[in-house]
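Q: Take this structure, written in C-alpha cells, and hold onto it; I'll ask about it next.
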Amino acid sequence: MTLAPMEGVVDVYMRDLLTRIGGFDLCVSEFVRVSRHLFPASVFHQYCPELKTGGKTAAGVPVHVQIMGGEAQVMAENAALVASLGAPGIDINFGCPAKTVNRHDAGATLLQWPERLHDIVAAVRGAVPADIPVSAKIRLGFSDKSRALENALAIAEAGAAKLTVHARTKMEGYRPPAHWEYLRPIAETLSIPVVANGEIWTVADYLSCREISGCADVMIGRGVIARPSLALEIAALQNSPSANAAFDWPKILKLIGDYHRLIESMASGSRQAGRLKQWTKLLGRTYCESTDLFTSIRRMEDPADILREVEQRLGYVEA
C-alpha cells in the first residue's frame, strides 16, 4: 500500500508518523515543480529529507520523490539529479488539479495530450539508472474520461514501471464519488501494475475499490489523514479477516502529541500551530471528538497551548 503525496499535509513529519503506525510499503513525497532549470540538491532535500537517510522513513519505508512539470528535458535533468541523491524511485505527477499548477503547464492539464505524457515519461526513464523505478500518477482525464486508457497506455509504453490512477477527472476535483469502474479496463489492458486512488476512507471502501476497479493495490492519502489506523486496518484484514486494528480516541490524542513533538523543530511557532490545527480538523471526519477539539484550539497560536489542551483531554479520557 502506498501513502499518497498531499501538498502541505503529508510532509516528512506526517510520513514518519504514519509509517511508524504501519501498513505502508511505499511513500511518495510532496511534488517538486520543475519548470525551466535544474534545481540544486537543497530543494529536493527540503521536500524529501529522507534522501539523507537512505531514501527511507525512520520505520524503513522507501520514499519515492515526485516531480512535476511539462518540459521533458528539464524533467529528465532533475530526475537524474534526484537519482544521484539516492532516491529509491521517481514518480511523475500528472494528476494535480490545482489551477495555479495547470496554468503553468503541469499536473492534470497534460492529460489533454497523450503524446506529451509519453515524451516526459520516456525522457525521465532514459535519464535515471535502470534499477531505479519510474512511475506516474494520472487522473481519468482533464474535462472528460475519453482518453483515460490512451493516456495510461502512453505512459506504460514510455517505460513506466507502475501507474497510479486517481478515479476522477481534473474538473471533478475531489467531489465524490470516485469512478473506480473506469480503472478496470486500464488494469486489464496494461502489463504494468495499476494502483487505485480516490475516496478510500474506510476498510469497506478499500474492499469495494478493489472489487470494482480490479486493482490489486491502492494509494491512500486523505483517508489515512482522517483515519490514521486505516493502512494498519487494511493490512490486518489481509492477515486476519476478523481483526480490528482501528484506533480509539485516546490513541488519536496520543498521536497528536507525537506529531507535535515531531514538528517542534519548525522555526515558526505559528506554523507548528497551523499544522496541529489542520490535522485536528481533518481528523473530524472520523472522530467527532476531534471536531470539538478543533473548536477549542482554532484560535490558539502557541503550539504549547494546543498541546496542553490535548494532554488535558487525554488525562480526562484515561481517568
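The values are calculated or read from the model by the stated rules, or taken from the named source; none is laboratory data. Everything numeric in this text was worked out from a predicted model, so none of it was measured. No Cβ is skipped: glycine too gets one built from the backbone with ideal geometry, and neighbour counts run over all protein chains shown.
Q: Do we find a residue being assigned by TED's automatic domain parsing to the domain that holds ASP25, crowded, with 24+ Cβ neighbours inside 10 Å and farther than 18 Å from VAL28 by Cβ anywhere in region 193-208?
A: No, the conditions are met nowhere in region 193-208.
Q: Within region 1-19, restricting attention to residues that are touching a Ser or Thr at 6+ places or on another chain (Cβ under 8 Å) and charged (D, E, K, R), which residue is nearest to ALA196 (Cα to Cα)?
A: Residue satisfying both the conditions and the ranking: ARG15.
Q: Would you confirm, using the coordinates I've provided, whether ALA79 is in the same structural domain as MET219 (by TED's automatic domain parsing) and either within 20 Å of LEU26 (Cβ to Cβ) or not in a helix (DSSP H, G or I) (or both)?
A: It is true that ALA79 is in the same structural domain as MET219 (by TED's automatic domain parsing) and either within 20 Å of LEU26 (Cβ to Cβ) or not in a helix (DSSP H, G or I) (or both).
Q: Could you count how many residues in region 26-50 are over 19 Å from VAL134 (Cα atoms) and assigned to a strand (DSSP E or B)?
A: Qualifying residue count, region 26-50: 0.
Q: Here's another thing I want to ask about it. Looking at region 96-142, which of its residues are within 21 Å of CYS27 (Cα to Cα), among the hydrophobic types (A, V, I, L, M, F, W, C) and in contact with a strand residue (DSSP E or B) (Cβ under 7 Å, 6 or more places away or on another chain)?
A: Once the filter is applied, which keeps residues that are within 21 Å of CYS27 (Cα to Cα), among the hydrophobic types (A, V, I, L, M, F, W, C) and in contact with a strand residue (DSSP E or B) (Cβ under 7 Å, 6 or more places away or on another chain), region 96-142 yields CYS96, ALA108, VAL121, VAL124, VAL128, ILE132, VAL134, ALA136, ILE138.
Q: If the Cβ limit is 8 Å and pairs must be 6+ apart or interchain, which residue in region 156-185 that is more than 23 Å from VAL121 (Cβ to Cβ) pairs with which residue that is part of a helix (DSSP H, G or I) and among the aliphatic types (A, V, I, L, M)?
A: Between residues of region 156-185 that are more than 23 Å from VAL121 (Cβ to Cβ) and residues that are part of a helix (DSSP H, G or I) and among the aliphatic types (A, V, I, L, M), the close pairs are TRP180/ILE212; GLU181/ILE212.
Q: Can you say whether GLY107 is within 17 Å of the chain's Cα centre (by Cα), on the phi > 0 side of the Ramachandran plot and buried (at least 20 other Cβ atoms within 10 Å of the Cβ), as far as the supplied structure shows?
A: Considered against the rule, which asks whether it is within 17 Å of the chain's Cα centre (by Cα), on the phi > 0 side of the Ramachandran plot and buried (at least 20 other Cβ atoms within 10 Å of the Cβ), GLY107 comes out as yes.
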